[in-house]
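Below is one structure; the comments refer to it alone.
Each reported figure results from applying straightforward, stated rules to the coordinates on display, with no laboratory input. This one's a predicted model, so the numbers in the text were calculated from it and none came from an experiment. Note that we place each Cβ from the backbone using ideal geometry, even for glycine, and neighbour counts take in every protein chain shown.
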Amino acid sequence: MKHILDELEQRRATARAGGGQKRIDAQHARGKLTARERLEILLDPGSFEEYDMFVEHRSNDFGMEKLKIPGDGVVTGWGTVNGRKVFVFAKDFTVFGGSLSETHAQKIIKIQDMAIRNRAPIIGLFDAGGARIQEGVAALGGYGEVFQRNVLASGVIPQISVIMGPCAGGDVYSPAMTDFIFMVRDRSYMFVTGPDVVKTVTNETVTSEELGGAKVHTTKSSIADAAYDNDVDALIEMRRLMDFLPGNNKEGAPEWPSFDDPERYDPSLDTLIPDNPNKPYDIKELILKTVDEGDFFEIQADFAKNIVVGFGRMEGRTVGFVANQPMVLAGVLDSDASRKAARFVRFCDCFEIPIVTFVDVPGFLPGTAQEYGGLIKHGAKLLFAYAEATVPKVTVITRKAFGGAYDVMASKHLRGDVNYAWPSAQIAVMGAKGAVEIIFRGADAEGIAAKTKEYEDHFLTPFVAAERGYIDEVIKPRSTRRRVARALAMLRGKRLENPWKKHDNIPL
Ligand code: HXC
């Protein structure tokens, strides 16, 4: 038996050595951890159960028959994050650049199937060069199977991708179908084709960072949801994110002990809104003063900053927050903001996470750039997302709620469950100046001023909407946390179903 056990240990040691010390050193020299080192940080100590450590590729082409490395470039299994089950795979860049062979794909597929069957989240750590070139169509077939499972898992279990090295081809398409993508600054890249191919095809000279670095994907393309300075920071933040997410679409949002009084008043919020309606203020202050312990996990903080989305907790239970940000473009809704918020709202709805919406929006952004860019379709995405969502929806209008944007932002008319307004709310078709110039065209300056005042007094309050019941209650800013917490507690047993359909046809 001793001999057999020794052999097992020796085989395990060989598999753990991956592509060899030289490549591990090169990985470290680039500021990257190895696949197993990453999993050690991501998962609770001692919780990782590894599978398929001895799997090798079956290729006999291009000299591959002599190059077999157990594990074949990906480490797979499951473990726990703060005691909750999660399935994982981590690409091993030291083995054939983490590229995907037929057998490498089978390892990932096995983990995807287990995650779906056991209804637990799956996290992929990516550091890989796409399809294993020596395997040709066998690798492409492998990717197809992975993609298919990404789609089947979508909306059933949370899927998270962390990009931790240069990623190309299938290693960007699979993440693109997951719920969230995170990157590591200065050492992770995402592109369908790398700089060399770009140069050949388009004669464009571009660096990896310019083509697909973390800055590009968090600020321009919106492919990535956040970026971190190094592997350790990224993995610690993934543990934090996992604490916000349900294990599946039936489990409901997780609940952690909270030490923050849900009845807590915050008198400083009474002075959050400036006297001048055109002056900005930071909506994140309201979010941070509302959530438990000021703990907010923001998604896409560097893209479409005119809307803020992310996870917080109320009475220990996860809530998705969506808030117009008056600090950026006066909080206007444009195509980017609409797409960003729509995707977030849909994630929350898939996974039964209640949505709290803070509204201060002057309307949709006018102009040819927006209209040519499809504002109608992109704005409709957010409208559609809120309208189809059946999770509890609590809305607080802090200041402006103008025009179509009033309807879109979880209004009563889109089945908002509890709709509050601060006394500073202004709910109208448009701002006073624009409105008066249209309905009193031709009036002199004095007439315009008088009519503007009349319009402001009459319409720019929450009370016209409150008189119709579109606003359930006008609340004091200081009591926002208490009112939202009570509304969410009341809505815990909410049951609402949309008519049966195969699936809807959201404008894409
Ligand atoms: C086989 C690969 C590989 C691949 C890298 N390697 N990519 N082996 N198939 N796709 C190997 C290298 O030969 C090398 O082996 C080791 O991994 C490290 O690669 P380097 O090039 O030395 O590293 P680096 O300079 O950091 O560059 C990383 C890289 C680059 C940017 C990922 O390797 C690259 O461009 N690879 C090819 C990317 C690509 O075009 N993939 C196919 C995409 S098509 P040694 O032995 O020297 O350590 C695809 C289809 C899916 O994925 C369909 C999607 C819809």
Legend entry - When each of 110/220; 32/215; 107/215 is checked by Cα-Cα distance, pairs over 23 Å: 110/220; 107/215
Inset, instruction - Using packing as a proxy for protection, rank 334-342, 186-194 so that the peptide with the highest average count of other Cβ atoms within 10 Å comes first. - result: 334-342, 186-194
Legend entry - Alpha-carbon centroid distance for the pair segment 63-109 / segment 253-284, whole angstrom: 45 Å
Legend entry - Eligible aspartates and glutamates near residue 433 by straight Cα distance, threshold 19 Å, same-chain separation 8 or greater: 275, 360, 444, 446, 454, 456, 457
Legend entry - the chain - mean residue ellipticity at 222 nm from DSSP helices (-39,500 (n - 2.57) per run, n ≥ 4, rounded to 500): -11000 deg cm²/dmol
Inset, instruction - Tabulate in residue order the Karplus-calculated ³J(HN,Hα) for segment 119-129, using 6.51 cos²θ - 1.76 cosθ + 1.60 with θ = phi - 60°, rounded to whole Hz; enter x for Gly and Pro. - result: 6, 10, x, 10, 10, x, 9, 9, 7, 7, x
Inset, instruction - Report ³J(HN,Hα) in whole Hz for each residue of segment 211-227, in order, from the Karplus equation J = 6.51 cos²θ - 1.76 cosθ + 1.60 where θ = phi - 60°; Gly and Pro get x. - result: 7, x, x, 4, 5, 4, 7, 8, 10, 9, 7, 6, 5, 9, 8, 5, 9
Inset, instruction - Decide, for the chain, between rounded, prolate and oblate: order the square roots of the alpha carbon gyration tensor eigenvalues as a ≥ b ≥ c, take rounded if a/c falls under 1.5, and otherwise choose prolate if a/b is larger than b/c, else oblate. - result: prolate
Legend entry - Neighbour-count order for 84, 117, fewest beta carbons within 10 angstrom listed first: 117, 84
Legend entry - Over the chain, relative contact order from alpha-carbon pairs under 8 Å, at least 6 apart, %: 9 percent
Inset, instruction - Please list the non-local residues whose amide H lies under 5 Å from the amide H of residue 227, H modeled 1.01 Å from N, same-chain partners needing a gap of 5 or more. - result: 183
Legend entry - Set 289/393; 381/502; 289/453 screened for pairs whose C-alpha atoms are more than 23 Å apart: 289/453
Legend entry - Rounded Å value of the spacing that divides the Cα centres of segment 467-508 and segment 387-420: 8 Å
Legend entry - Integer Hz, Karplus 6.51/-1.76/1.60 couplings in order for segment 460-466, x for Gly and Pro: 7, 9, x, 7, 4, 5, 5
